[in-house]
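Note sheet for the following structure.
The values are calculated or read from the model by the stated rules, or taken from the named source; none is laboratory data. Because the structure is predicted, anything quoted here is derived from the model rather than measured. Here the Cβ is made from the backbone with ideal geometry for all residues, glycine too, and neighbour counts use every protein chain on show. Each accessible area value is taken on the protein alone, full model and side chains, heavy atoms only, with ligands, DNA and RNA left out. Shrake-Rupley method; radii C 1.70, N 1.55, O 1.52, S 1.80 Å.
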Amino acid sequence: MTAILHITDTHIVREGALVSGRLDSADALERLVAWINSIRAQIGPVDAVLVSGDLSDDGSVESYARFKRLVAPLDLPIHVIPGNHDARAPMRHAFASHLPADGPLNWEQRIGGIRLIGLDTLVEGQGAGTLSAESLTFLESALSASDATPVLLALHHPPFACGIRFMDDIGLTNAADFRDLVACFDGPMRIVCGHIHMMMVTDVAGHIAISAPSPCSTFAYDRRPDAPVGFLDQRDGCLLHRWDGAFQSIRLNPVAGAGPFPF
Ligand SMILES: [Fe+2]
């Protein structure tokens, strides 16, 4: 059995700052981490944490140091990929133990019974993401080298349209290239992502793909072309992906009702 805690879009800023002058994202992450630790006995052993991008909101060196302090109480290995708000150089430096020394921040880790693969979709200076030619080659070779080991494949930008126009406008520009590569993989695979700050489940070339919620904010599910652009300050949780002969993804949401009451 392997279990990966999947946190995304924490949008940490420098000490004393707020996201968009409004969100205390550090407080949101601190509370999420404390809550996860309070339910550790309930959810069973966790092998590692995956953070699927936008760890930082401002890309500052300080924000990565603050992020690391905030997740340290989990006392778990942390595996990160960049999102559109991240900056490669300070992120690479902050996570030098598992990120490559140069080039895109693509990596593969064998964790328990699975292969966890992280892909870099960041194009610095813009919201939309792209898998560079180098990243597509990395993915192709990682998938072709596979044995029967299940793959948890992570990227920040969803390889699917979510229906919210202003988010799809900053989506993955070459999702078709991604789909073509994963379509050739016939082993067990789950695709996971962030960016849209909400849980959404779909099918990508025959594999289940899931986006995770953000601890600090979300977006209204509004498909109208003229949907108001902006975020909602709703806090949420994260996902837990378990492999135990099959992938199972559980939403962990700290907003719970009272109880348990007897049936
Ligand atoms: Fe993002």
Within the range 151-189, considering residues that are more than 16 Å from the ligand (Cβ to nearest atom) and within 13 Å of the chain's Cα centre (by Cα), the one nearest to Leu136 (Cα to Cα): Leu153
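Give me the residue from the range 1-51 that is assigned to a loop (DSSP other than H, G, I, E, B) and among the basic types (Lys, Arg) and, out of that set, farthest from the ligand (Cβ to nearest atom).
Quick first cut of the range 1-51, residues assigned to a loop (DSSP other than H, G, I, E, B) only: 1, 8-11, 13-18, 20-22, 24, 39, 44-47.
Now restrict to residues that are among the basic types (Lys, Arg): 14, 22.
Values: Arg14: 19, Arg22: 17 Å.
Ranking the candidates gives Arg14 first.
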Unique residue being open to solvent by 30 Å² or more (accessible area, probe 1.4 Å), closer than 27 Å to Ile36 by Cβ and modelled with pLDDT of 95 or more when the list is Arg179, Arg190, Arg224, Arg251: Arg251
Single residue of the range 60-73 satisfying the filter (farther than 17 Å from Cys238 by Cα and surrounded by 19 or more Cβ atoms within 10 Å (Cβ to Cβ)) that is nearest to the ligand (Cβ to nearest atom): Ser63
